[in-house]
1. May I ask you to verify whether Ala185 is in a strand (DSSP E or B) and either modelled with pLDDT of 85 or more or within 30 Å of Ala128 (Cα to Cα) (or both)?
2. Working carefully through the options Val456, Val424, Val428, find the one that is under 35 Å from the mean Cα position of the chain (by Cα) and open to solvent by less than 40 Å² (accessible area, probe 1.4 Å).
3. Looking at Thr451 and the list (1) among the β-branched types (Val, Ile, Thr); (2) under 30 Å from Gly280 (Cβ atoms); (3) at pLDDT 80 or above, which single condition is not satisfied?
4. Of all the residues that make up the stretch 137-151, how many are open to solvent by 50 Å² or more (accessible area, probe 1.4 Å) and part of a strand (DSSP E or B)?
5. Pull out all pairs, ordered by first then second residue, where Cβ-Cβ is under 6 Å, the residues are six or more apart or on different chains, the first lies in the stretch 222-243 and is modelled with pLDDT of 90 or more, and the second is outside any strand (DSSP E or B) and open to solvent by less than 70 Å² (accessible area, probe 1.4 Å).
6. Please specify each residue of the stretch 378-410 satisfying the condition of being in a strand (DSSP E or B), open to solvent by 50 Å² or more (accessible area, probe 1.4 Å) and among the charged types (D, E, K, R).
7. Condition first: under 27 Å from the mean Cα position of the chain (by Cα) and modelled with pLDDT under 90. Can you find one or more residues in the stretch 641-649 that meet it?
8. State yes or no: is Ala309 under 60 Å from the mean Cα position of the chain (by Cα), more than 24 Å from Met397 (Cα to Cα), modelled with pLDDT under 85 and small (Gly, Ala, Ser)?
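The values are calculated or read from the model by the stated rules, or taken from the named source; none is laboratory data. All figures in this text were calculated on a predicted structure; none of them were measured in a lab. All Cβ positions, glycine included, derive from the backbone under ideal geometry; neighbour counts span all protein chains shown. What goes into the accessible areas is simple: the full protein's heavy atoms, side chains included, and nothing from ligands, DNA or RNA. Shrake-Rupley method; radii C 1.70, N 1.55, O 1.52, S 1.80 Å.
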Amino acid sequence: MFGSQDFLAGAGEMATLMRAYDWTTTPLGNPEGWPSGLRTAVRLLLNSHHPMHIFWGPEATFFYNDGFVPSAGPERHPSALGRPASESWGEIWPVIGSEVAKVCNGGGHTWYEDQHVPILRQGRVEDAYWTYGFSPIDDDTAPNGIGGVISILTETTKRKALEDSLRASNQRQRSLLQQIPGFIAVLEGPDHVYTYVNDAYVAIAGSRGYLGRTVRDVFPELEGQVFFDLLDEVYATGIPFSAQATSIRFADEDEDRYIDFLFQPIREQNGLINGILVGGHEVTARVRAETALRAERDQARHRAVKAHADAERVQLALGAGAILGTWHWDIPSDRFTIDEGFARSFGLDPDLGTTGIPLAQIVATVHPDDQAGLAEAINGAVRRGGAYAHQYRVRRMDGRYYWIEANGCVDRAEDGTPSSFPGVIIDVEERRAVLEERDRAAAALRILNETLEQRVAERTAELMQAEEALRQSQKMEAVGQLTGGLAHDFNNLLAGISGSLELMQNRMQQGRLKDVDKYMVAAQGASKRAAALTHRLLAFSRRQTLDPKPTDVNRLVGGMQEMIQRTVGPGIPVEVVGASSLWPALVDPSQLENALLNLCINARDAMPDGGRITVETANRWLDERAAKKQDIPEGQYLSLCVTDTGTGMPPEVIARVFEPFFTTKPIGEGTGLGLSMIYGFAQQSGGQVRIYSEVGQGSTICIYLPRHYGDAADEDGTIKFDALPRSEQEATVLIVDDEPTVRMLVTDILEDLGYLAIEAGDSAAGLKIMQSDVRIDLLVTDVGLPGGMNGRQMADAARVSRPDLKVLFITGYAENAIVGNGHLAPGMSVLTKPFAMDAMATRIRSLIEADLETKR
């Protein structure tokens, strides 16, 4: 349809505009004559959903795709297409023009994060931030071999505004926390690491460099003072804990302090606990005052009890002002004898006390609300005998009520009946005021704590929402970085594939078939490297389709030793130390072989001056503590470790080695996907990868795999695929795949084998065929299908009416859960795209012949 301009094919808006554009009005001329590098880059541009654009040639002619249209805006779309960049991007060309020129002059690719590049929007220049990179596009016709640059970019203006807002919000929240009365700290994780303390906390405990340290590091002197155990319990159970007037002793202090405190668990949105809020007040002064008051009361009571037996001590106490007055009650005659101080305190005539007055007259001056309690206390003391103490209010001469405390002792006659009841009264008005103030302060503290808990809960929810938004923006940024790395590697591979195919087409049209095999081998090699790259990406993201089997890892390592030795070279001896009675592992053996080979190659590269590689296996029992350290569930594991004697790694490199495209090797000597692939494969297999390294001391990288409780599968050597003759048995195969090219290839394989093929493009059409009376001996289906259900769901639905149906899943990307996590139902199998044609033929032939043999 498009002839030699098929690189402009596509249904998108920009593909349509590029095909309709009169390129002869530009220095590029007719697209049929464009350099192959530009044609390949434009094809990649039009087939990518991520925002991309190209600057080509000395004029920096501008190309862009559908993903970039929103960023271009109405001021430039579609007018910027095909124009020189200095015209279409006048306001920013002084900023980026030098960057483009640097790449075109051989300066290598560039990468910028959150770069401030203002652009014209809606008639005015607006601040904008971008994460982008420029990569060179090869051109054999250019003087230096570079014809232009391709850019993959993401606008980060909104994310940066969100981050600025989050920082401002965090600052406001910290300011708010500083304004809340009392001391506050926020601890994170099971080790209780400080992430925030307010000024009041520092004022109480001193400046100790809290942030980033655990409470046990900051306060070693508190070991054994219950606080650490309480923090552990709150984190483990999620139950808040509070206490009042708890003693605490800091280092270099001679006496205890006292605090009211609260440990409140902090939860994530999923309910899991991720930290503890610590809040409270120092109440040392209050506790010491209360202690002094109790001591004073005890002393006063002691003096009062002794007063009735020792008149001189009573008089001394009166003289000292500790006691307001004394009484003596003759119980049989019900006559009260009182002194002047007692009479004055009760608002009575002092002259009455010398002759004696009845108890009722005394009680009449007591506050009405306290009279019933006083009568009960007196009657109780008379019944039981012995000491008596009671507080109540009395009305004095000024008509006001005051708090007093009466202390006395009931004496009995020889026959045991109550005879006399002497005692003293003490002024407790001031003490009661202190206690009431304490109660009011305690009530206010409770209200404050409740308000604090509510505010902290609200702020925690806001923080969690903000953190989730930040995590999402970081994910999008990571996608942009990943896409940039992919574009670099796939540009090279696509150039090799497309160039080889074009040359093959030209040679075949010219009848020159001699070089066709060379270009065919080059295209196949590039496509296999592209498949290996996608497999590494899927392994890193834990999305590759694994084929786990019970595996003897010692036998696998032993079988690879010779190949590893050849790969690393004779100058680096490889030693294998296999543990006896090694447990088997349920793992994909081919992926484990790839992981082991990658580790050994990395070890070789870390020893430029030579050294030794040791491959060691072992059985590992990880208890709860060890498993937590390795970040895997506790249980039984086997380890496969590769140790080298090379340069080692610093901590900052160890922290990043599992990131995709991160590499310390020079450009062109590593993709940065090796360790990330191993990391993803280990985690997808239920295990983990850990690195132990010191600079100058070498490195050890260990893969931990769960133990398989069963025997390892017997291996019968490498499977060889030979050319298969046509089958003499009739069979019908249904092929369901939304990619016509895949259906065509599988149909050709089936015709070569002598089988009948039926095709369907989606799951709905495939299921309709399988629910008919048509003979189907084998279903070959993709996992990801349009039509309302995936391949596994369609196969399960078909097996309702065809329970013995054989199924072969073919997939380039699938969640393992869809195809059974490696535990497919009987009669089902899986093959990963891209697959070799002879491998597909052998798998189809074996499934059909096994089915036909069973039916006989």
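1. Numbers: in a strand (DSSP E or B): yes; either modelled with pLDDT of 85 or more or within 30 Å of Ala128 (Cα to Cα) (or both): yes.
Criteria met by Ala185.
2. On the way: Val424 fails: under 35 Å from the mean Cα position of the chain (by Cα); Val428 fails: under 35 Å from the mean Cα position of the chain (by Cα).
Among Val456, Val424, Val428, only Val456 is under 35 Å from the mean Cα position of the chain (by Cα) and open to solvent by less than 40 Å² (accessible area, probe 1.4 Å).
3. Result: Thr451 passes all but (3).
4. We begin by selecting, within the stretch 137-151, every residue open to solvent by 50 Å² or more (accessible area, probe 1.4 Å); these are 138, 140-141, 143-144.
Applying the additional criterion that residues be part of a strand (DSSP E or B) yields 138.
Total meeting the criteria: 1.
5. Matching pairs, first to second residue: Leu231/His192; Tyr235/Pro190; Phe241/Leu230; Phe241/Val234.
6. Arg393, Arg395
7. Scanning the stretch 641-649, I find at least one residue that is under 27 Å from the mean Cα position of the chain (by Cα) and modelled with pLDDT under 90, so the answer is yes.
8. Details: under 60 Å from the mean Cα position of the chain (by Cα): no; more than 24 Å from Met397 (Cα to Cα): yes; modelled with pLDDT under 85: yes; small (Gly, Ala, Ser): yes.
So Ala309 fails the test.
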